[in-house]
Amino acid sequence: LAELDLSHCRMSEAATLSIVNVLAKSRPAQLHTLRLADNRLRVKGAHVLLDALSAARCPLRVLDLSANEICGGTTAEDASFGEIKGAAARLSEDAQVCRLDSDGLCSAGARMARGTGCYHVEFEIVQATDGDGAYVGVIKADANKSSYPGSDDRGIGWRAKGGVRHLHNTVDLGGTLASWGQGDRVGLMLDTHTSELSFIKNGVMFEQKYAVAIDAGMYFAVGRYYGSYVVRCLYIHQLGGNETMDYGALDRLCAYIESPANQLQELSISNSQLAGVSKFSSGRRNDQGLVRLLEAFGHDNCKLSLLDISNNDLSDPDAAAVLSVSLRSHSRVTKLKIHRWWVPVQQLASDTALDLSAQKIEDADATLLARLLQTRSHLTRLDLSHNKLDTLGAAAIADALVRSGTPLRDLNVAANGLRKPAAIALLRSVASCTRQTLRTLDLSHNPITETSAGGFDAEGLSGGG
């Protein structure tokens, strides 16, 4: 066995551990690529896996453990249906499956109190015969049990046909969500610190967030208005409550990276709560894990050329620290992902003309890029078109270019969705530069005179002074 890819199988903790135990017993001496992203390895499974890889002395070059909760901080909650339910709800013997053939709802899991962490539930849609009448959502204890989540003011529901409802109406806040149906896996994420609700379809989270009034607590729930509806609750997890982080598995991984015999070149540990905070901004900051990773990353035996630590809610100083290590003279890193952008480390360190177009660069990545640009005194061309810069990112990059004193001749920020504040921030920085070498500035295909509400800003750029 040379390559094994079980990514996004969404296996339970027991199933994932079974796979790892098989690897431990077989000791695959030729294994060079192992991808286990988005499963439930967790701390215990990670220890078993890393022990097995070390014992087998396999030439592992690629390892993906993203979204496996290897840093602890996540606890499994009771995933049973039925604490709150209407008369129409029919439950399986183990209370993991709920059937609704007439109007009503049924809660899943226990009450989620304010300030207790971020809760994630995943449902498997076994049957949904009418997209207009099947719902998943959150409710309060006194919600109408004879209808669906979101039919009253005591909950919010995501309809199979698409859209999010509250008080029987589609919620405008956050926009319209896609539909779902039989065979899909749909999830909800409730952050009890920020009082925000997010929705997930087949492992992909939507950007929209919905404000909820948690008050005395909320429950995950399913509900039916039309058709036959059968749902299985796969799991409920609590992320970042009051529990402490367990960085034992991460420390074991770092020791593996530091070992002289290791051949690991590509490592992905995104969405692993490296700083004690989940990608949903839940939990308390604890930089112990990141500090340990930086030690391994900067070790003489580290052979990593690609590192993905995105979706760990790292701060700007965190990102700067990681980038600093990757730029050391003995570092072999060529690509680094901290937020959404794959940073071409070596290219940024040496090229005089940088083409960074269409690389999904947002403000967090732009702030990181700005730190690099401050030290680039020979950059002549920078293309940032077709990204997602906003005011903060555009201003940071422009200020960095001015500070560096670089003889920049061409700057392209076309098609970034820049509105007036961002354009003004950029132009002010460019205008303040005492060394005027800029010959071309491309701001095309940006809605500069369009307001956030879609209207027309009659003042244009003149309103910025």
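The values are calculated or read from the model by the stated rules, or taken from the named source; none is laboratory data. Since this is a predicted model, take the numbers as computed values, not measurements. Please note: Cβ atoms are built from the backbone with ideal geometry, for glycine as well, and neighbour counts cover all protein chains shown. We work out accessible area using only protein heavy atoms, side chains counted, and drop any ligands, DNA or RNA first. Shrake-Rupley method; radii C 1.70, N 1.55, O 1.52, S 1.80 Å.
So, in region 164-186, exactly how many residues are assigned to a strand (DSSP E or B) and at pLDDT 95 or above? Working first, answer last.
Our first condition is that a residue be assigned to a strand (DSSP E or B); within region 164-186, this holds for 164-166, 169-170, 185-186.
After this cut, where a residue has to be at pLDDT 95 or above as well, the list is 186.
Of the residues in that region, 1 qualify.
Of everything in region 330-356, what is aromatic (Phe, Trp, Tyr) and in contact with a strand residue (DSSP E or B) (Cβ under 6 Å, 6 or more places away or on another chain)? Give them in sequence order. If you could, list the steps in order and put the result at the bottom.
Of all residues in region 330-356, those aromatic (Phe, Trp, Tyr) come to 341-342.
Once the filter is applied, which keeps residues that are aromatic (Phe, Trp, Tyr) and in contact with a strand residue (DSSP E or B) (Cβ under 6 Å, 6 or more places away or on another chain), region 330-356 yields only Trp342.
Considering only residues that are of a type in the set (D, E, K, R) and open to solvent by less than 60 Å² (accessible area, probe 1.4 Å), look in region 430-464 and name the one that is modelled with the lowest pLDDT. Step through it out loud before you land on a result.
Step one: filter region 430-464 for residues of a type in the set (D, E, K, R), giving 435, 439, 442, 450, 457, 459.
When the remaining residues are screened for being open to solvent by less than 60 Å² (accessible area, probe 1.4 Å), the result is 442, 457.
Numbers: Asp442: 96, Asp457: 55.
Ranking the candidates gives Asp457 first.
Please list, ordered by residue number, the strands (runs of 3 or more DSSP E) wholly in region 78-142 having 3 or more residues that are under 24 Å from Ala178 (Cα atoms) and touching a residue at least 24 places away in the same chain (Cβ under 8 Å). Spell out the reasoning first.
Numbers: elements: 81-85, 89-91, 97-100, 104-112, 118-128, 134-139.
In region 78-142, the matching strands (runs of 3 or more DSSP E) lie at 97-100, 104-112, 118-128, 134-139.
Take the residues in region 19-66 that are of a type in the set (S, T, N, Q) and within 22 Å of Tyr247 (Cα to Cα), then tell me which one is most open to solvent (accessible area, probe 1.4 Å).
Step one: of region 19-66, the residues of a type in the set (S, T, N, Q) are 21, 26, 30, 33, 39, 54, 66.
Among the residues that remain, those that are also within 22 Å of Tyr247 (Cα to Cα) are: 21, 39, 54, 66.
Working: Asn21: 64, Asn39: 0, Ser54: 46, Ser66: 10 Å².
Residue satisfying both the conditions and the ranking: Asn21.
Just one of the numbered conditions (1) touching a Gly at 6+ places or on another chain (Cβ under 7 Å); (2) at pLDDT 90 or above; (3) closer than 16 Å to Pro149 by Cβ; (4) of a type in the set (Ser, Thr, Tyr) is not true of Ser198; which one?
(1)
Within region 391-400, which residues are surrounded by fewer than 18 Cβ atoms within 10 Å (Cβ to Cβ) and not polar (S, T, N, Q)? Let's see the steps before the verdict.
Kept after step one, since they are surrounded by fewer than 18 Cβ atoms within 10 Å (Cβ to Cβ), are these residues of region 391-400: 391-392.
Leu392 - this is the single residue of region 391-400 that is surrounded by fewer than 18 Cβ atoms within 10 Å (Cβ to Cβ) and not polar (S, T, N, Q).
To keep it simple, each residue is scored yes or no on (1) in a loop (DSSP other than H, G, I, E, B); (2) open to solvent by 70 Å² or more (accessible area, probe 1.4 Å); (3) over 20 Å from Leu348 (Cβ atoms).
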{"site": "Leu372", "(1), (2), (3)": "no, no, no"}
{"site": "Ser385", "(1), (2), (3)": "yes, no, no"}
{"site": "Leu389", "(1), (2), (3)": "yes, no, no"}
{"site": "Val402", "(1), (2), (3)": "no, no, no"}
{"site": "Thr406", "(1), (2), (3)": "yes, no, no"}
{"site": "Ala415", "(1), (2), (3)": "yes, no, yes"}
{"site": "Arg428", "(1), (2), (3)": "no, yes, yes"}
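Just to verify a result, which residue in region 123-157, among those that are open to solvent by 20 Å² or more (accessible area, probe 1.4 Å) and among the hydroxyl-bearing types (Ser, Thr, Tyr), is modelled with the highest pLDDT?
Ser146
For every residue, the table says whether it meets (1) of a type outside the set (Ser, Thr, Tyr); (2) in contact with a strand residue (DSSP E or B) (Cβ under 7 Å, 6 or more places away or on another chain); (3) farther than 20 Å from Leu354 by Cβ.
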residue: Thr391; (1), (2), (3): no, no, yes
residue: Ala398; (1), (2), (3): yes, no, no
residue: Ser404; (1), (2), (3): no, no, no
residue: Ala414; (1), (2), (3): yes, yes, no
residue: Arg419; (1), (2), (3): yes, yes, yes
residue: Leu426; (1), (2), (3): yes, no, no
residue: Leu438; (1), (2), (3): yes, yes, no
residue: Asp442; (1), (2), (3): yes, yes, no
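Run Thr75 past the list (1) open to solvent by 20 Å² or more (accessible area, probe 1.4 Å); (2) hydroxyl-bearing (Ser, Thr, Tyr); (3) at pLDDT 85 or above and report the number of the one that doesn't hold.
Status for Thr75: all satisfied but (3).
List pairs: first in region 212-238 and without any contact (Cβ under 8 Å) to a residue 24 or more places away in the chain, second open to solvent by 10 Å² or more (accessible area, probe 1.4 Å) and not in a strand (DSSP E or B), Cβ under 8 Å, 6+ apart or cross-chain?
Matching pairs, first to second residue: Ala213/Ser195.
Could you list, ordered by first residue, the pairs with Cβ atoms under 7 Å in which the first is in region 193-211 and within 19 Å of Asn271 (Cα to Cα) and open to solvent by 40 Å² or more (accessible area, probe 1.4 Å) and the second is β-branched (Val, Ile, Thr) and in a strand (DSSP E or B), at least 6 apart or interchain?
Within 7 Å, the pairs are Lys201/Val186.
I want to confirm something. Restricting to region 343-369 and keeping residues that are in a loop (DSSP other than H, G, I, E, B) and among the polar types (S, T, N, Q), which single residue is surrounded by the fewest Cβ atoms within 10 Å (Cβ to Cβ)?
Taking region 343-369 first, the residues in a loop (DSSP other than H, G, I, E, B) are 351-352, 356-362.
Now narrow it down to the ones that are among the polar types (S, T, N, Q): 352, 357, 359.
Values: Thr352: 11, Ser357: 16, Gln359: 16.
Restricting to residues being in a loop (DSSP other than H, G, I, E, B) and among the polar types (S, T, N, Q), the top hit is Thr352.
What are the pairs with Cβ atoms under 6 angstrom where one residue, in region 289-314, is under 22 Å from Asp246 (Cβ atoms) and the other, located anywhere, is open to solvent by 10 Å² or more (accessible area, probe 1.4 Å) and part of a strand (DSSP E or B)? Sequence gap at least six, or different chains.
Asp308/Ser268; Asp308/Lys337; Ser310/Lys337
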